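Can you read through this structure? Questions will come right after.
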Amino acid sequence: MGLTPSHSSVVTLHVNGEKHTLPVDHRTTLLDALRERLDLTGTKKGCDQGQCGACTVLVDGRRTVACLQLAVAAEGREITTVEGVADGDRLHPVQQAFLDLDGYQCGYCTPGQICSAIGMLAEHADGWPSAVTGDVRPAAGPPPLTAEEIRERMSGNLCRCSAYPSIVEAVARAAESGTATSEEAAA
Ligand code: FES
Ligand code: FES
C-alpha cells in the first residue's frame with residue numbers, strides 16, 4: 001500500500017497576536033485563509049497574482065503580498081493585518097496620517113498601503129536602500145525619505161483612484177513622526 005496523498009494540513013496561524021488553528025488545503029493562500037476562514041476582510045484581494053499590493057500584510061514585520069504566500073508556509077510566523085496595527089483605540093501613526101491627509105479615495109487599496117508603509121518605514125530605518133537611493137554605502141545611513149524615495153519604495157502598491165499625492169504626503173508625515181520603527185512593525 002502506498003501513502004495516501006494528503007491535500008490538507010492543520011496549521012496554526014498567529015494573526016494580530018491571536019492563534020488560530022484550522023485545517024487548510026495546501027493550495028490555500030494566506031490571503032484566502034485570512035479573508036475566507038478567519039473573517040479578517042480588511043486585507044483586500046485585487047489582482048490575486050502579486051501585482052497590485054492590495055493584499056499586503058506584515059509577516060514577521062516584513063511586508064508580504066498575502067496572495068503569493070501559502071497559508072501552510074505562514075505557520076508559526078507573526079502575521080499582522082490592518083486590523084492589528086492600531087493600539088486599541090489609538091490608530092497607528094501611519095493610519096492617522098492617511099486619515100488626516102486623505103490618503104485614499106475609495107479605500108480599497110488603503111489597508112495594503114498602510115501595511116506596506118509600516119513595513120517600508122521599518123526597512124528604511126534599518127538602512128535598506130531603494131532603486132533611487134544615490135549613496136548605497138552602509139556608512140551613508142538611511143537616505144532622506146524624499147517624495148521620490150517614498151514613491152519608489154511604495155511602487156508595489158497600486159491605487160486605482162490615483163490618490164498617490166496624498167499617499168506620499170501621508171507616508172512622509174508618518175515618517176516624520178518617527179514612531180513607525182521596525183520593532184513596532186514586528187510587534
Ligand atoms: S491581490 Fe495580492 S498583489 Fe494583488
Ligand atoms: S483609494 Fe481607491 S484604489 Fe486606492
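What does the convex hull of the Cα atoms of segment 8-84 come to per residue, in Å³, rounded to a whole number?
Cα-based convex hull of segment 8-84, divided per residue, equals 72 Å³.
Sorted by packing (mean other beta-carbon atoms within 10 Å per residue), highest first, where do 76-89, 46-59 land? Present the calculation step by step, with values, prior to reporting the outcome.
Numbers: 76-89: 16.9, 46-59: 20.3.
So the order, starting with the most tightly packed, is 46-59, 76-89.
Hey, with R₀ at 22 Å, roughly what FRET efficiency would His7 and Thr41 work out to, going by the Cβ-Cβ distance, to 0.05? Walk me through the intermediate numbers first.
On the way: r = 25 Å, r/R0 = 1.15.
For R0 = 22 Å, the calculated efficiency reads 0.30.
Sticking with this structure for a sec: Quantify how much of the Cα-Cα distance distribution of segment 62-102 extends past 13 Å, in percent. Walk me through the intermediate numbers first.
On the way: 517 of 820 pairs.
Roughly 63 percent, once rounded to a whole number.
Output needed: percent of Cα pairs per 10 Å distance bin for the chain, bins running from 0 to the one holding the longest distance.
P(r) over the chain, rounded to whole percents: 10, 36, 33, 15, 4, 2, 0.
Could you work out the helix-only [θ] at 222 nm for the chain, with each DSSP H run of four or more residues adding -39,500 (n - 2.57) and the total divided by the number of residues, to the nearest 500 deg cm²/dmol?
Details: 5 runs with 50 residues, N = 187.
So the helix-based figure for the chain works out to -8000 deg cm²/dmol.
Label points 7 Å out from Cα along the Cβ direction at Asp48 and Thr21: separation in nm?
Going by the 7 Å Cα→Cβ label model, 3.1 nm.
Tell me, in nm to one decimal, what length is gained between Leu91 and Glu176 on full extension, where the rule is 0.36 nm per residue of separation less the Cα-Cα distance? Provide the component values of the computation, followed by the final result.
Values: separation 85, 0.36 × 85 = 30.60 nm, distance 1.61 nm.
Length difference between fully extended and current span is 29.0 nm.
Using only Cα atoms, what Kirkwood radius does segment 93-186 have, in angstroms? Let's see the in-between values first.
Values: mean 1/r = 0.0756 Å⁻¹.
Taking every pair of different Cα atoms in segment 93-186, averaging 1/r and inverting gives 13.2 Å.
What's the magnitude of the charge dipole for segment 8-84 around its Cα centre, counting Lys and Arg as +1 and Asp and Glu as -1 at the beta-carbon? Answer in Debye, nearest 20. Provide the component values of the computation, followed by the final result.
Details: 9 positive and 10 negative charges, 36 e Å.
For this selection, approximately 180 debye.
Bear in mind that the values in this text are calculations on the coordinates, not laboratory data. Only a predicted model underlies this, so the values are computations on that prediction, with no experimental measurement involved. No Cβ is skipped: glycine too gets one built from the backbone with ideal geometry, and neighbour counts run over all protein chains shown.
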